[in-house]
Amino acid sequence: MALTEERVLEALRTVMDPELGKDLVSLGMVGEVRLEGGRVDLLINLTTPACPLKGQIEADIRRALHPLGVEEVRVRFGRGVKAPEQYPIPGVKHVVAVGSGKGGVGKSTVAANLALALLQEGARVGLLDADLYGPSQAKMFGLEGERLKVDQHRKILPLEAFGLKVLSIANIVPPGQAMIWRGPILHGTIKQFLEEVNWGELDYLVVDLPPGTGDVQLSLAQLTKVSGGVIVTTPQEVALIDAERAADMFKKVQVPVLGVLENMSHFLCPHCGKPTPIFGEGGGKRLAERLKTRFLGEIPLTLPLRESGDRGRPILVESPEGPEAEAFRRAARELAAALSVQAFIALPMA
């Protein structure tokens, strides 16, 4: 039988998206089919550029087309992020909150590098430092001393570092000034950061939450539609107690928990490379199992990771080939996959 577009599409109906559980054709992911002799050229529009299963999808496509007598298969992947029916913020497709329930677990480091990892995978990303009492993102991105500007419409313009849009209260108030604010002022500031900022076109806005489960978290959930939350914890039981409270907070404000990311999983010795689990082992994975959510992975504790944040060049920039950067990239792909599933679940049924 002659090779036709109809036969190719019929074969692709047997190829399932591993995360969504439906075939590529039904999901509208087949953007283009070109036939030239015995060659098939396909454009597959993934639900996120950070899809962790591109290799599996491509292999399944090749297997499905093989019985058609195809001589060559070329697969190109599109990089669009599925947009919701209604954007939570003008131009922003998804708001992702990163919380921990307590301080000292490296939440800001995680938020910074997850945002950069999503950016490096091809998404358009912004980072909102919502830790108003202890903002650290300006330091971590080398933006200390930079002042925010406004556009012709009096909208605040985020700063930019390494291609990432960054907004922090540290770029508004003088260095070292304490934010002695009550709830209404915190609420008003978060409202301004969401509604009076020209974020442009973003696939993801990553929000670095403060420790605890208080005013800022509640204001964020009230003021915008949060696509999901990430729980950051270390493996030790003391951290897990508060991480579980953070997950419960997300649940109570109707924010889906996208996954648990375990930071400081083990210390990597800079001399011998031997991992030492100084905070215990497996706590993050156990918490993810209890919460029935995705385990996003483990981030090691290393000297370069600490130094990169202090230097204003996050590890994804400072050492992109290192084990820390690779761990963040894996976590970002898992996060992007979780967001894709969440977006698919939220779609209205026909």
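Modelled this way, with points 7 Å down the Cα-to-C-beta line, the labels at Arg74 and Lys22 are 3.0 nm from one another.
Report in % the part of the accessible area of the stretch 1-40 that belongs to carbon and sulfur, leaving out ligands and nucleic acids; probe 1.4 Å. On the stretch 1-40, the fraction of accessible area on carbon and sulfur atoms equals 44 percent.
Solvent-accessible surface of the chain, taken per residue with a 1.4 Å probe and all protein chains present: 46 Å².
Here the gap between Ile180 and Lys155, fully extended at 0.36 nm per residue and compared with their Cα-Cα distance, gives a gain of 6.5 nm. Which translational diffusion coefficient, to the nearest whole µm²/s, is obtained for the stretch 1-79 from the Stokes-Einstein equation, given a Kirkwood hydrodynamic radius over C-alpha pairs, 37 °C and 0.692 mPa s? It diffuses with D of about 263 µm²/s by this estimate.
Under the criterion of Cα pairs below 8 Å and six or more residues apart, the relative contact order for the stretch 238-350 equals 24 percent. With the convex hull of the Cα atoms taken as the outline of the stretch 137-248, the averaged projected area works out to 8.6 nm². Given +1 at the Cβ of Lys and Arg, -1 at the Cβ of Asp and Glu and no other charges, the dipole of the chain around its Cα centre is 480 debye to the nearest 20. The label-point distance for Gln192 and Leu43, in a model that sets each label 7 Å from Cα toward Cβ, rounds to 4.3 nm.
Label separation (Cys272 vs Glu146): 4.2 nm, computed from points 7 Å beyond Cα along the C-beta direction.
Expressed per residue, the C-alpha convex hull volume of the stretch 33-154 stands at 189 Å³.
If you take the alpha carbon atoms of the stretch 45-112 and fit the smallest convex hull around them, that volume is 151 Å³ per residue.
Shape descriptor for the stretch 274-350: Rg over Rh equals 1.09 (Cα atoms; Rh from the Kirkwood inverse mean 1/r).
Under 20 °C and 1.002 mPa s, how fast does the stretch 234-311 diffuse according to Stokes-Einstein, given a Kirkwood radius computed over C-alpha pairs? Answer in µm²/s, whole number. Value of D from the Cα-based Kirkwood radius: 159 µm²/s. Applying a DSSP loop filter and a limit of 12 other Cβ atoms within 10 Å to the trypsin sites (Lys or Arg not before Pro) in the stretch 163-194 leaves Arg182.
Under 5 Å between amide hydrogens, built in the peptide plane, is the criterion, and for Leu205 it picks out His94, Val95, Val96, Gly126 among residues at least 5 positions away or on other chains. Glu196: net charge of surrounding residues, Cβ under 14 Å, Lys/Arg +1, Asp/Glu -1, itself excluded? Computed value for this residue: +2. With only the Cα atoms considered, the stretch 189-266 has a convex hull volume of 102 Å³ per residue. If each DSSP helix of 4+ residues adds -39,500 (n - 2.57) and the sum is divided by the residues in the chain, what number results at 222 nm, nearest 500 deg cm²/dmol? After summing the helix terms and dividing by residue count, I get -10500 deg cm²/dmol. Sparsely packed loop sites in the stretch 248-329 (the GluC sites (Glu not before Pro) outside DSSP H, G, I, E and B with at most 10 other Cβ atoms within 10 Å) comprise Glu321.
The local environment of Leu223, defined by Cβ-Cβ distances under 13 Å, has a net charge of -1 under the rule Lys, Arg +1 and Asp, Glu -1. With θ taken as phi - 60° and the Karplus curve 6.51 cos²θ - 1.76 cosθ + 1.60 applied, the whole-hertz 3J(HN,Hα) list for the stretch 291-296 is 7, 6, 10, 7, 8, 7 Hz, x standing for glycine and proline.
Net charge of the neighbourhood of Gly103, taken over other residues with C-beta under 15 Å away and scored Lys/Arg +1, Asp/Glu -1, is -1.
Can you give me the % of accessible surface on the stretch 80-215 that is carbon or sulfur? Probe 1.4 Å, all protein chains present, nothing else counted. So the carbon and sulfur contribution to the accessible surface is 50 percent. For the stretch 209-350, the calculated P(r), taken from all Cα-Cα distances in 10 Å bins from zero up to the bin holding the longest distance, is 11, 35, 36, 15, 3, 0 percent.
If you average the sequence gap of Cα pairs under 8 Å that are 6 or more apart and divide by the length of the stretch 1-119, what percent do you get for the contact order? So the answer I get is 22 percent. With a cut-off of 8 Å between alpha carbons and a minimum separation of six or more residues, what is the relative contact order of the chain in percent? Relative CO of the chain lands at 19 percent.
The values are calculated or read from the model by the stated rules, or taken from the named source; none is laboratory data. Note that the coordinates shown come from a computational prediction; the quantities given were computed from them, not determined experimentally. Note: ideal-geometry Cβ built from the backbone for every residue, glycine included; neighbour counts use all protein chains shown. For the accessible areas, the whole protein counts, side chains as well, though only heavy atoms, and no ligand, DNA or RNA atoms are used. Shrake-Rupley method; radii C 1.70, N 1.55, O 1.52, S 1.80 Å.
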